[in-house]
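Notes for the one structure printed next.
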Amino acid sequence: MHVLSYRNTLKIALAIAVLAAPALATAQSITTTADSSSKPIPVSPSKSFDPTAIDKSADPCTDFYQYACGSWMKNNPIPADQTSWGRSFSVLSEANIYLLWKELDTAATKPTSPLQQQYGDYYGACMNTDLLEKKGLSPLQPTLARISALQNTKDLTHLLGDLAANGYSVTPFSSGITQDLKDSTKQIFAISQGGTSLPDRDYYLVDDQHFTQIRKQYLAHITKMFTLAGDTPEQAAQEAAAAIKIETALAKVSMDRTAQRDPENTYHIQTLADFHTLAPALELPTYLSAIKLRPIDTLDVTDPEFFKGLSALIASESVDTWKSYLRWRLIHRETFSLPKAFYDENFAFFGKTLGGQLEPTPRWKECTYYTDNALGEAVGQDWVKQNFPPTSKASMDKLVAALEKSLAEDIKTLPWMSEATRKEAEAKLALFRNKIGYPEKWRDYSALKVQRDDLMGNLARQQVFERNYDLNKLGKPVDEKEWGMTPPTVNAYYNPSMNDINFPAGILQPPFFDPNADPAVNFGSIGMVIGHEMTHGFDDEGSKFDGKGNLREWQTAEDRKQFTERTDCEVKEYDSFVASPAHDNQPEVHLKGALTLGENTADNGGMRIAYMALLDTLAEQHKSITDKTGDFTAAQRFFISFAQTWCENTTDELARQAALTDEHSPGRWRTNGVVQNFEEFGKAFGCKKGQPMYPAHSCRVW
Ligand SMILES: [Zn+2]
């Protein structure tokens, strides 16, 4: 799934995997109400076009991002409970989260329907930190006891299956149902690498001063967590070293993040017998029957080298080493439902050290995220009634149609493409499906049992509920109407197997989409967002899938060569961009052009077709791109609106982490990288050829 912006999905993804930094409010006394500093307050979204955000002392032709965002960046430091703060994404997300919280808070006290009772109880259980203190580690004891009882590594898979079946999965790989990459009508079982806790394999493997220091702090963190769980300091240190030993070995056999972007690298259909030869010590069928997967003959093994390595590790490591690893993974994934001391320690490492976050996220906000993640289509039903008028849907339909028209025009006029490939590209575009706002049919949550006094149990039951929902898809027709994001989410995505573009209600508001703004401003923001998702269908990864969502080469060999020459240009360009400068023993970090290629291609293409759609719309209205509103021409307003979508401040810690893990470039380069590739920008601002934002040579794919 290709999302528009990773950081906004990060929180939700973390909530699913419970992998990092779910944190507790820093209130001195643990009560069910947040302290004053973390009280929910309403947030107003940013304006759709804001001249006061501009830094007039900067030259748009030298550094457009600084020009469009400079004053905003200066006046909007990162709030203490965030690792980055963006003018559009963060502020609108906070506005949505506040409205969602109001709904949850009401449902938790005065529910008026069974659905409200369910999500109100989920939220209420999450907020009851008094009860978590009282219970201490006791809810986790039965599961810890199961791990302690493991006698030898031959029974490891049986134990993993047993824990997963009960909703306390610490399985060192992930699995689930997915569309077959080469036959999108089929839903098949797939397994992929996993089992590590740090953000990327480099954290375990790179031997520079920065990562060596982080590994030291990580060891101290795990040791502290084991101590909190009752170990003596000696035991804790020993167990922590064992846990890191397993994680490091898993990191070594994991596929690099950039390599995973090529779908051919992650497609390996095998029989169960093949898989047994590959990974004999894993005894996969034992695991599959524990999680109640219906019988299968074949599966997709996304990274065979990983499973070979995992099997060797099961055979070679002692049972005690594995037990320490499993214990660590269990405590780590449960920090959100344990007493405050666990949250605080988790926050100190994953929030502060790795992310540069100064204060934990307030509890009410975390619990709102968790509830949205667990019961998003229940909460969302009421949310859209109040926050997504039918007129927004109608306006979006029009905008999407305008962008489709300009992408068709772009494909028709691309200089490097042959007729044969052009026909295929047009066929793919014609098969795009658009989903706008929220699902036509809401999910049924009646099988999810929620208890007001049992947060850990709720999370466990939710895990089982989600897995059953997923595994039940095996062999069934694909549900084209299913959504991968909840309605209030401020984001968008393209799915190559579905060949669909998806825009949740949450993003269809100012500053992205403003019914009162002029076309230049709307096309610069939501128009660019729509164009971005469409272009994903044709980026280095999307272009390997056809209109039916099947992995199939549809470009001629010569066209693919031309395409790759053009994407290589973008790889080199973005490789040169600095994500964080050298300072205090920290090396200079650059973006990874190959990791971010798909997103950069989508940013560049999306901007170009949004501009074309704006020209069409202005022509229909007998207006010109050079017409002025206030101080700016329509073209200038378009580019400023575009840049202001990406204004942000980020901690240095997150900037360094994201350079390794995020397929999206940071706001500065999402802006400057794109405008310096687009002739019309230099013309709009009267730049001289050869200035940084109007270079003599630039890159263009679409
Ligand atoms: Zn994207």
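The values are calculated or read from the model by the stated rules, or taken from the named source; none is laboratory data. Note that the coordinates shown come from a computational prediction; the quantities given were computed from them, not determined experimentally. Heads up, the Cβs are rebuilt from the backbone with ideal geometry, glycines too, and the neighbour counts pull from every protein chain shown. Just so you know, the surface numbers come from the protein's heavy atoms only, side chains and all, with ligands and any DNA or RNA stripped out. Shrake-Rupley method; radii C 1.70, N 1.55, O 1.52, S 1.80 Å.
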- Item | Mean Kyte hydropathy of 0.0 or more with a Cα span along the axis of at least 27 Å, helices from DSSP in the chain | 89-109, 597-620
- Item | Residue pairs, from the table Lys428/Lys561; Lys182/Lys481; Lys252/Lys323; Lys186/Lys412, whose Cα atoms sit over 24 Å apart | Lys186/Lys412
- The long-range amide H neighbours of Phe545, using H built 1.01 Å from N in the peptide plane and a cut-off of under 5 Å, are Arg552
- Message: Using DSSP to call loops (not H, G, I, E or B), can you name the trypsin sites (Lys or Arg not before Pro) in the range 43-142 whose Cβ has at most 10 other Cβ atoms within 10 angstrom?
- Response: Lys56
- Between the residues Ala164, Tyr123, Asn585, the Cα farthest towards the positive end of the dipole of the chain, that dipole coming from +1 and -1 charges on the beta-carbon of Lys, Arg, Asp and Glu, is from Tyr123
- Query: Applying the Karplus parametrisation 6.51 cos²θ - 1.76 cosθ + 1.60 with θ = phi - 60° to the phi angles of the range 285-294, what ³J(HN,Hα) value in whole Hz is obtained for each residue in order, glycine and proline being reported as x?
  - Reply: x, 4, 5, 5, 6, 5, 8, 6, 6, 5
- If eta is 1.567 mPa s and T is 4 °C, what Stokes-Einstein diffusion coefficient results for the range 260-325, Kirkwood Rh from Cα pairs, in µm²/s? 99 µm²/s
- Query: Once fully extended, how much extra length lies between Thr629 and Thr271, figured as 0.36 nm per residue of separation less the alpha-carbon to alpha-carbon distance?
  - Reply: 122.5 nm
- Holding the Cα-Cα limit at 20 Å, pick out from Lys135/Lys245; Lys216/Lys245; Lys216/Lys352; Lys224/Lys340 the pairs that are longer than that. Lys135/Lys245
- Positive-end residue of Leu100, Gly351, Thr617, charge dipole of the chain with Cβ unit charges: Leu100
- Task: Determine how many Å³ per residue the convex hull of the Cα atoms of the range 49-115 encloses.
- Result: 128 Å³
- Note on the structure: Against the 2.2 N^0.38 Å rule of thumb, the C-alpha Rg of the chain sits at a ratio of 0.95
- Query: Taking amide hydrogens as modeled 1.01 Å from N in the peptide plane, which residues meet the under 5 Å criterion relative to Lys186, leaving out close sequence neighbours?
  - Reply: Asp180
- Query: Of Thr266, Ser289, Gly230, which is farthest on the positive side of the dipole of the range 223-303, counting Cα position, with +1 on Lys and Arg Cβ, -1 on Asp and Glu Cβ, and the Cα centre as origin?
  - Reply: Gly230
- Loop trypsin sites (Lys or Arg not before Pro), the range 587-647 (other Cβ atoms within 10 Å of the site Cβ: 16 or fewer; DSSP): Lys623
- Query: HN-Hα J couplings of the range 133-138 from phi, Karplus 6.51/-1.76/1.60, θ = phi - 60°, integer Hz, Gly and Pro as x?
  - Reply: 4, 4, 6, x, 8, 4
- Of Ser38, Ser418, ordered by accessible area with the largest first and a 1.4 Å probe, the sequence is Ser418, Ser38
- Query: Size of the dipole of the chain about the Cα centre, Lys and Arg at +1 and Asp and Glu at -1 on the beta carbon, nothing else charged, in debye to 20?
  - Reply: 940 debye
- Message: Quick query: amide H of Glu648 versus all other amide H atoms, modeled in the peptide plane; which residues come in under 5 Å with a sequence gap of 5 or more or a different chain?
- Response: Arg87
- Message: Can you tell me the length gained on complete extension of the stretch Arg433 to Leu219, counting 0.36 nm per residue apart and subtracting the Cα distance?
- Response: 72.3 nm
- Message: Only four residue types carry charge here, +1 at the Cβ of Lys and Arg and -1 at the Cβ of Asp and Glu. Report the dipole size of the range 450-553 about the Cα centre in Debye, rounded to the nearest 20.
- Response: 380 debye
- Message: Suppose R0 equals 35 Å. What FRET efficiency, 1/(1 + (r/R0)^6) with r the Cβ-Cβ distance, do Gln117 and Ile41 give to the nearest 0.05?
- Response: 0.85
